[in-house]
1. Collect the residues in the stretch 96-114 that are in contact with a helix residue (DSSP H, G or I) (Cβ under 9 Å, 6 or more places away or on another chain), part of a loop (DSSP other than H, G, I, E, B) and closer than 23 Å to HIS24 by Cβ, keeping them in residue-number order.
2. How many residues does the stretch 153-179 hold that are among the aromatic types (Phe, Trp, Tyr) and either surrounded by fewer than 19 Cβ atoms within 10 Å (Cβ to Cβ) or over 20 Å from SER54 (Cα atoms) (or both)?
3. Restricting attention to the stretch 334-348, which residues are of a type in the set (S, T, N, Q) and open to solvent by 70 Å² or more (accessible area, probe 1.4 Å)?
4. Hey, can you tell me all the residues within the stretch 15-32 that are touching a Ser or Thr at 6+ places or on another chain (Cβ under 8 Å) and of a type outside the set (A, V, I, L, M, F, W, C)?
5. Scan (1) open to solvent by 40 Å² or more (accessible area, probe 1.4 Å); (2) under 14 Å from GLY355 (Cβ atoms); (3) in a loop (DSSP other than H, G, I, E, B) for the single condition LYS150 breaks and write down its number.
6. Inspect the stretch 297-308 for any residue being among the small types (Gly, Ala, Ser) and without any contact (Cβ under 8 Å) to a residue 12 or more places away in the chain and give the result as yes or no.
7. Taking only the stretch 92-109 into account, find how many residues are more than 15 Å from the chain's Cα centre (by Cα) and farther than 14 Å from ARG161 by Cα.
Amino acid sequence: MKIGIVGAGAIAFGMAAFLEQAGHAASLWSPSGARTKALAAGEPLVAAGAIEGSFTPRIATSPADVVTGADVILIALPAYGHKHVFDAIAPHVTATQTVIVSSHASFGALYLSRLLAARSVTVPVIAWGTTLLSGRQTGLAKVQVNTVRKAVDLATLPASRSAEGLALCKSLFGDRFVDRGNLLAIALSNLNPTIHMGIALGNMTRMEKAEAWGQAESVTPNVGRLLEELDRERLAIAASLGLDVRTIFQHLHLSFGVPYGSASEMHQAMHVIGKGGAGPTTADSRYVTEDVPFGLVPTAKLGRLTGHPAPLHEAGIALFSAMYGRDFTAENDLLAALDIDALSLGQLQTLCRDGYAPLSS
């Protein structure tokens, strides 16, 4: 199949390597153009770690170029770039295509659904609860893939096309997907924001001082207990909506293959087997700049909407906003564009099931 990948960071590079290795044809589009210059000049994409090899994905030059002719469009860049690229690709998407958002954040699938509905176009928009893989760019044409996850949660919008969405993901990426059936479940399935909140709070001076430090080994018992309490808030919101989402313990076990234990113990086990990763060496890290506005903020909003407030999430938003001198709530352009605050819980639930109706219907 032909897959157009929107993004050119570690996840996009890793996904291109994964797909090319599996015999598919991948294209990469960098919205800025900067991250694909080396590849466009003829350098091969070299992957190491969980995926090994040298690959030559096609380099797209524009939104139209990456979308036109693709069977699937894969969104693989931080959430603070989602609205921009949704606006860019929406005019070119046709009813024969499928969009995968890896990973989904802050009801972005709803925003894309609304853009397409304005053109009387409906496509399956598949939202993943996390990325298929983790890794880091080690050069302009190099990626270190740390792990390929054994299980990824997904939901398809509209839900009436769930079977189609699940089958497509299995055919492209293997039998590793769990269909949660509802976009709201995916909105509450991404564990990265809460895990990254605890890690960043506990290690902020290391980040600011650009120290080299192991991420998982720094999830000490106190940090681990914070992660567990944050998880309880998220699970309570999901339970109030009747949604089945994985716990932090299931996430760590399924993603990294470590035995069950406390959050701290499981992270220490990740470190021992070499899957702990390196911590951010800058405060300008997506652990804060992406995960606070596009992870913690939507969860806190859902908590208020359902009558199950999440005080630790709210505190994290306030603490990081104070530390950075920024209003991270205001930085979420997706929620603002969707005017989520104007929706009732029932209206949001309906949209998360059906998406926006095409104007011609």
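1. Within the stretch 96-114, the first condition is being in contact with a helix residue (DSSP H, G or I) (Cβ under 9 Å, 6 or more places away or on another chain), and the residues that meet it are 97-114.
Okay, now just the ones that are also part of a loop (DSSP other than H, G, I, E, B), so 97, 102-107.
Scanning the stretch 96-114 gives GLN97, SER102, SER103, HIS104.
2. Here is the first cut: in the stretch 153-179, the ones among the aromatic types (Phe, Trp, Tyr) are 173, 177.
Still in the list and also either surrounded by fewer than 19 Cβ atoms within 10 Å (Cβ to Cβ) or over 20 Å from SER54 (Cα atoms) (or both): 177.
Count: 1.
3. Step one: filter the stretch 334-348 for residues of a type in the set (S, T, N, Q), giving 344, 347.
Result: GLN347, single match.
4. Within the stretch 15-32, GLU20, SER30 qualify.
5. It fails just one condition, (2).
6. Taking every residue of the stretch 297-308 in turn, none turns out to be among the small types (Gly, Ala, Ser) and without any contact (Cβ under 8 Å) to a residue 12 or more places away in the chain.
7. Narrowing the stretch 92-109 to residues more than 15 Å from the chain's Cα centre (by Cα): 92-98.
Then keep just the ones that are farther than 14 Å from ARG161 by Cα; that gives 92-94.
Counting residues in the stretch 92-109 that are more than 15 Å from the chain's Cα centre (by Cα) and farther than 14 Å from ARG161 by Cα gives 3.
Every residue, every condition in (1) open to solvent by 10 Å² or more (accessible area, probe 1.4 Å); (2) aromatic (Phe, Trp, Tyr); (3) assigned to a loop (DSSP other than H, G, I, E, B); (4) at pLDDT below 95, yes or no:
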site	(1), (2), (3), (4)
ALA26	no, no, no, no
SER32	yes, no, yes, yes
ARG35	yes, no, no, yes
ALA48	yes, no, no, no
ILE51	no, no, yes, no
ASP65	yes, no, no, no
GLY81	yes, no, no, no
HIS84	yes, no, no, no
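The values are calculated or read from the model by the stated rules, or taken from the named source; none is laboratory data. Predicted model, so just to flag it, every value in this text is computed and none were measured. Note: ideal-geometry Cβ built from the backbone for every residue, glycine included; neighbour counts use all protein chains shown. These accessible areas exclude ligands, DNA and RNA; they are computed on the full protein's heavy atoms, side chains included. Shrake-Rupley method; radii C 1.70, N 1.55, O 1.52, S 1.80 Å.
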